[in-house]
1. Considering only region 7-62, state which residues are among the acidic types (Asp, Glu) and in contact (Cβ under 8 Å) with a residue 40 or more places away in the chain.
2. What are the residues in region 133-153 that are buried (at least 24 other Cβ atoms within 10 Å of the Cβ) and in a helix (DSSP H, G or I), if any?
3. Any idea which of 63, 91, 101, 97 is surrounded by fewer than 15 Cβ atoms within 10 Å (Cβ to Cβ) and either at pLDDT 95 or above or under 18 Å from the mean Cα position of the chain (by Cα) (or both)?
4. Out of everything in region 117-132 that is part of a loop (DSSP other than H, G, I, E, B) and not β-branched (Val, Ile, Thr), what residue ends up being surrounded by the fewest Cβ atoms within 10 Å (Cβ to Cβ)?
5. Take the residues in region 61-85 that are of a type in the set (D, E, K, R) and not in a helix (DSSP H, G or I), then tell me which one is farthest from residue 29 (Cα to Cα).
6. How many residues, within region 161-178, are more than 14 Å from residue 218 (Cα to Cα) and over 10 Å from the mean Cα position of the chain (by Cα)?
7. Taking region 13-60, which residues are within 11 Å of the chain's Cα centre (by Cα) and assigned to a helix (DSSP H, G or I)?
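The values are calculated or read from the model by the stated rules, or taken from the named source; none is laboratory data. This structure is a prediction, so every number in the text was calculated from the model and none was measured. Note that we place each Cβ from the backbone using ideal geometry, even for glycine, and neighbour counts take in every protein chain shown.
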Amino acid sequence: MSVLKMNAKKLPYSRVLLKISGEVLMGQREFGLDPETVDRVAQDVKEVIDLGVQVCIVVGAGNIFRGVSGAASGMDRTTADHMGMLGIVINALAMQNALENAGVDTRVLSAIEMNQICEPYIRRRAMRHMDKGRVVICAAGTGNPYFTSDTAAALRASEMNCDVLMKGTKVDGVYDCDPMTNENATKYDRVSYMDVLTKDLRVMDATAISLARENDIPIMVFSIKETGGFAKAVAHKGPFTIVDNKE
């Protein structure tokens with residue numbers, strides 16, 4: 001029996017929201033979805049579910065289409081953001097398929113109604129699914145343009161009374177500058193919401209940080225590229241950074 005399973009009852013969180021960027025799902029590709037990476041992330045989520053932790057997921061769409069980049073190239077911002085929301089739905093369906101192949105009961109709930117392929121997002125329905133042990137994948141962002149998937153993650157974490165918003169990224173925490181380009185970057189073990197905003201640490205966009213701060217939802221930033229990294233982070237093992245109100 002693993003150390004994590006032996007200590008399952010002592011885990012600090014009982015309900016978590018996992019935010020995954022679209023870029024993570026690309027794996028080593030330059031565009032789209034990498035099936036092996038999606039399957040690995042699904043196995044990581046299954047490991048956390050097996051610990052008795054309730055999980056909901058918000059995915060981004062940077063691997064398919066970014067509304068901001070579309071607007072920058074001359075496209076109407078509202079139209080571009082709607083295209084990005086549809087990209088999120090594609091990623092959500094891919095995650096659902098991988099999770100169900102791994103034996104995890106899953107529901108996709110979309111902020112934009114498309115009843116033929118997923119359920120509409122209704123807060124009480126989402127919470128009921130989680131109470132039944134299902135993974136809820138929240139798709140289509142907030143359903144509104146000008147709001148990022150990070151903001152959608154902070155909103156859903158607040159609505160569903162999650163203990164923590166866990167952002168799975170390519171790096172193992174928050175640094176004072178980009179560790180991918182600066183080998184002297186310094187990692188924070190804990191940082192306040194205000195420091196993230198005033199120092200422009202690029203953890204999430206300002207709206208998402210402010211929403212998490214207002215609702216006292218801590219944000220944990222960890223690397224999801226490592227197999228088993230999600231379960232380790234849930235158990236407060238391995239490298240990560242906590243963003244909260246504590247100085």
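1. 23, 39, 44, 47, 50
2. Residues satisfying the conditions are 149, 150, 152, 153.
3. From the options 63, 91, 101, 97, the qualifying one is 101.
4. Ranking the candidates gives 132 first.
5. Across region 61-85, the extreme among qualifying residues is 76.
6. Residues flagged as more than 14 Å from residue 218 (Cα to Cα) and over 10 Å from the mean Cα position of the chain (by Cα) within region 161-178 amount to 7.
7. Result: 22, 24.
Listed here are the residues, each with its yes/no results for (1) among the β-branched types (Val, Ile, Thr); (2) closer than 24 Å to residue 230 by Cα.
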| residue | (1), (2) |
| --- | --- |
| 80 | no, no |
| 84 | no, no |
| 88 | yes, yes |
| 92 | no, yes |
| 99 | no, yes |
| 105 | no, yes |
| 108 | yes, yes |
| 113 | no, no |
